[in-house]
């Protein structure tokens, strides 16, 4: 698992059928940005736990799902200084 901060939602209206109802978030880890499937309902500014690889696909709902990063938890208390 890795810690990221949610930056903002990502709106993509043209998607493959299996992704039609999944929420996407732009997350950042330092200076790099990635897109994560949001399985927990995170909001901008939240610090979150993310999983990658096959764990990301399973957490998003299916091993067949085309995700390589999924938000699996919202951290209750965290700041970058930790």
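Details
- One residue alone among 66, 9, 44 is over 21 Å from residue 80 (Cβ atoms) and at pLDDT 85 or above, and that residue is 9.
- Matching residues, segment 13-52, being exposed (fewer than 14 other Cβ atoms within 10 Å of the Cβ) and either under 18 Å from residue 76 (Cα atoms) or touching a helix residue (DSSP H, G or I) at 6+ places or on another chain (Cβ under 8 Å) (or both): 28, 29, 41, 43, 44, 45
- Apart from one condition, residue 1 fits all of (1) exposed (fewer than 13 other Cβ atoms within 10 Å of the Cβ); (2) free of Cβ contacts under 8 Å to residues at least 60 places away in the same chain; (3) under 15 Å from residue 72 (Cβ atoms); the exception is (2).
The values are calculated or read from the model by the stated rules, or taken from the named source; none is laboratory data. Here the structure is a predicted model, which means the values were calculated and not measured. Using ideal geometry, Cβ is built from the backbone for each residue, glycine included, and neighbour counts are taken over all protein chains shown.
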